[in-house]
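Step one of this worksheet: look at the structure below.
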Amino acid sequence: MNKVIFLSASLLLICCSYPAADAQIFKHSSKNTQIEEIKAKYDSLQQAFNELADDYAVLKDSLSNLDNEDTLQVELSDGEIVNDPLLNAADSIVNVDSLLSIWYVQRNVNNIDREIMAMDSIQFISNVPDSVYISRLDRMNSFIPLPYNKIVRNFIILYTEKMPEKIPEILGLSNYYMPIIEGILDKYDMPKELEAVAIIESALNPKAVSRAGAKGLWQFMYSTAKMYGLNISSFIDERYDPVKSTDAAVRYLRDSYAVFGDWMLAIASYNCGAGNVSKAIRRSGGSHDFWTIYPYLPHETRGYVPAFIGALYALNYYPEHGITPAVVNLPVHTDTFHVSKMVHFDQISYYTGASAEQIRNLNPEYTHDIIPGSAGNPCILILPYTYSMAYVDNEAEIPKYRDSVYFNPVKMKSIRESGTGSRIVHKVRRGETLGLLARRYHTTVSKIKKWNHLRGTTIRIGQRLYIYR
């Protein structure tokens, strides 16, 4: 809170000091010099103001999410009971709602376990004895070994007792997404248990986006997605496609297992990369046991495998904990169509009666509600079964409906320049500025800042910036 007050005072001080600074410039400078110095002063103050305003907004938003009166009680390893509002914030991110549209607009709901990473230094309290957890894990007959210790226990309790609103929603979504995931795991003859990785990554939200720019059900970064054949363009981002992103994720896990020969290490590498797992193996003296290399892994990854076990346990034993899956507005039966013309979701909605939101939920890979189909490159459309006949009956007319509105040149140009297509990685050289780079790549400073999560305009030599075309 003190930081918020400090930032507010800083903003006020900048605004109040500006006229005084101008008075000094007018008093001691010639007219031409005055103008240049005023411009420089204005640019400097504007940049400082924007940076402080961003910090203030981010901090204020973070504090507003905390409920100081309703905190989560945890027990530290030494037995001391504490109240931690940050842990409570992790528990209360998602409100219960039966409509998937509400779920989709949640802000970055994918970091369940990452909200609480210090599982080796705290201890959750539960009435369920260790012997019950151990027995249940054994009865699962998992192809992937599921060890039990105090860290695993913490994650089991986290998923079954500390998220009373989020877990029912995840279970509701699993009725739709798990059959898709299980089918692809079976296609590659991979362990069914790996489906729990998607829960850790995105809470089964195919539209999840992390602060680092990872996207989709499996939280692919741009470069890894391209490496595994996912299409990312102005109109399509297949990281959001549940089927294609799952196929890519399963192939990634298969490749990781081929490298390490251990499923725990393959799962860990999905979080931090094969390089970090290899470093941890070397630092541990060459061990390929997850718990042996545990201290040498990145802090976030240490909780990743135990979280996997906790999520898998919750998928299998949620009834024993009195958890009921939420009713999620996704259809059980769907039909798939090949679209060979450019079509907008609203056009489909007009002729079929399916809402744009329903179409959007089933086709999240189309980032602008436009299916960019063509005769040589048809695209997939998924519709609820109840609207299939209406689509078939009007398939020829749908692309013509108000096409001049949905595909006008100005709108299409804006989409193509939105920064989701091919990517350039630019290494900053001496003397370069954002303004110079914006002119060179025919874009704007604000877009470069957005693509690279920059708050100010300062860049450093050697820094890598992403420029999209």
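Mind checking which residues of segment 160-189 are surrounded by fewer than 19 Cβ atoms within 10 Å (Cβ to Cβ) and not in a helix (DSSP H, G or I)?
P164, E165, Y188, D189
Could you pull out every one of the helices (runs of 4 or more DSSP H) wholly within segment 299-404 that has 3 or more residues that are touching a Cys at 6+ places or on another chain (Cβ under 7 Å)?
none
If we scan segment 363-376, do we find a residue that is touching a Pro at 6+ places or on another chain (Cβ under 7 Å) and modelled with pLDDT of 95 or more? I'd like the intermediate steps shown before the answer.
From segment 363-376, those touching a Pro at 6+ places or on another chain (Cβ under 7 Å) are 364; that's our starting set.
Okay, now just the ones that are also modelled with pLDDT of 95 or more, so 364.
Yes.
How about segment 327-365: which of its residues are of a type in the set (A, V, I, L, M, F, W, C), crowded, with 16+ Cβ neighbours inside 10 Å and within 26 Å of the chain's Cα centre (by Cα)?
V328, L330, F345, I359, L362
Here's the yes/no breakdown for (1) under 25 Å from Q219 (Cα atoms); (2) at pLDDT 95 or above; (3) not hydrophobic (A, V, I, L, M, F, W, C):
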{"site": "I267", "(1), (2), (3)": "yes, yes, no"}
{"site": "A274", "(1), (2), (3)": "yes, no, no"}
{"site": "T292", "(1), (2), (3)": "no, yes, yes"}
{"site": "H299", "(1), (2), (3)": "yes, no, yes"}
{"site": "H321", "(1), (2), (3)": "no, yes, yes"}
{"site": "I348", "(1), (2), (3)": "no, yes, no"}
{"site": "N361", "(1), (2), (3)": "yes, no, yes"}
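Being buried (at least 17 other Cβ atoms within 10 Å of the Cβ), within 28 Å of L230 (Cα to Cα) and of a type in the set (G, A, S) is the requirement here; does S446 meet it?
On the way: buried (at least 17 other Cβ atoms within 10 Å of the Cβ): no; within 28 Å of L230 (Cα to Cα): yes; of a type in the set (G, A, S): yes.
No; evaluated as a whole, the condition is false for this residue.
The values are calculated or read from the model by the stated rules, or taken from the named source; none is laboratory data. This one's a predicted model, so the numbers in the text were calculated from it and none came from an experiment. Cβ sites come from the backbone with ideal geometry, for glycine too, and all protein chains shown count toward neighbours.
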